[in-house]
Amino acid sequence: MTKYALVTGASRGIGKEIAAVLAAEGYQLYLTCIRSEEALCSYASKLSAEYGISCTPFIGDMGNPEDVNALFHKIPDLDVLINNAGISYVGLLNEMSVEDWRRVMTVNADSVFLTSRLAIPLMLRKHSGKIINISSVWGNVGASMEAAYSASKGAVNSLTKALAKELAPSHIQVNAIACGVIDTDMNRGFSAEDMEVLRREIPCDRIGTPAEVAQMVKNLLDAPDYLTGQIITLDGGWT
């Protein structure tokens, strides 16, 4: 049976690794990013050629209702939704602009609402489906200098739990992965000294990899349907 998956924020890092894992599993893919059109289209072509799947790239803002509507006009069927698109903001809350606050919340939290809202009817038709949200440990415990990011991921975690209860009778599972420090472009904005301090705090004594997050996504896709509404922490024992 043909399987379809959507991965947002798929041009690099965690989203890119998740797309590769899903392609290897035979999923027909829809991949999005907001501005890296050349990189996304090139990667989509590579996955199509390597795994013999269809891979449709889409350039758009997943926090923008019009862009999400346009994307779903291209998607007639969907089994898996991976909400990975996200941005960060590091700085004092009292120095943050209203525009920056709204942008973080829009990209990180609104996008999950917008994509899930349109994915659910497609999944209800077949009485099955999986929604996996890529979250953060800061959504669980909060982080100094990252109040907006923490708030947005906390919203994602709460939405995950609530939506799982809504959709459980329809055999649709909703879970989130709360990532710790992962080796992505988002975290490369920190200095080498800061990253070394973080590494020392992590019991596993290293930074996590996007491939490990992608493996956890695969584990959730293979998990029993009874596993839903969970925020699974992947942080090397850090928090």
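The values are calculated or read from the model by the stated rules, or taken from the named source; none is laboratory data. Everything numeric here is computed off the predicted structure, so don't read it as measured data. As a convention, Cβ positions derive from the backbone with ideal geometry for all residues, glycine included, and neighbour counts pool all protein chains shown. To get the accessible areas, we keep the full protein, side chains included, count just its heavy atoms, and leave off ligands, DNA and RNA. Shrake-Rupley method; radii C 1.70, N 1.55, O 1.52, S 1.80 Å.
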Using the eigenvalues of the Cα gyration tensor, what equivalent ellipsoid semi-axes result for the range 31-133 when each is taken as the square root of five times the eigenvalue, whole Å, largest first?
27, 19, 11
Hey, how many Å between the Cα centroid of the range 35-54 and the Cα centroid of the range 60-110?
22
Around Val137, with a cut-off of 9 angstrom between Cβ atoms, what is the net charge of the other residues, counting Lys and Arg +1 and Asp and Glu -1?
0
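Hey, what D do you get for the range 168-237 in µm²/s if you plug the Kirkwood alpha-carbon radius into Stokes-Einstein at 37 °C and 0.692 mPa s?
On the way: Rh = 13.6 Å.
So the translational diffusion coefficient is about 241 µm²/s.
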Please state, as a whole number in µm²/s, the translational diffusion coefficient that the Stokes-Einstein equation yields for the range 74-206 at 25 °C and 0.890 mPa s, with Rh defined as the Kirkwood radius across alpha carbon pairs.
152
Alpha carbon centroid spacing (whole Å) that separates the range 111-160 from the range 208-234
14
Within the set Ser150, Ser36, Ser111, GNM on the chain using Cα springs under 10 Å gives the largest fluctuation to Ser36
Return the long-range amide H neighbours of Gly129 (sequence gap of 5 or more, or a different chain), with a cut-off of under 5 Å between placed amide H atoms.
Gln173
Please list, ordered by chain and number, the residues whose modelled amide H lies under 5 Å from the amide H of Ala143; skip anything fewer than 5 residues away on the same chain.
Ser150
Straight-distance crosslink candidates among aspartates and glutamates, where the alpha carbon sits under 13 Å from Lys3 and sequence neighbours closer than 8 are dropped
Glu25, Asp77, Asp79
In the chain, with Lys and Arg counted as +1 and Asp and Glu as -1 at Cβ, which of these residues, Gly142, Val80, Thr2, has the Cα nearest the positive end of the dipole, that is, farthest along it?
Thr2
Given the Cα-Cα distance of Asp77 and Val197 and 0.36 nm per residue of separation, how much length would full extension add, in nm?
38.7 nm
Treating the beta-carbon of each Lys and Arg as +1 and of each Asp and Glu as -1, no other charges, what is the dipole magnitude of the range 125-174 about its Cα centre, to the nearest 20 debye?
300
Please list His171, His73 in order of solvent-accessible area, largest first, computed with a 1.4 Å probe with all protein chains present.
His73, His171
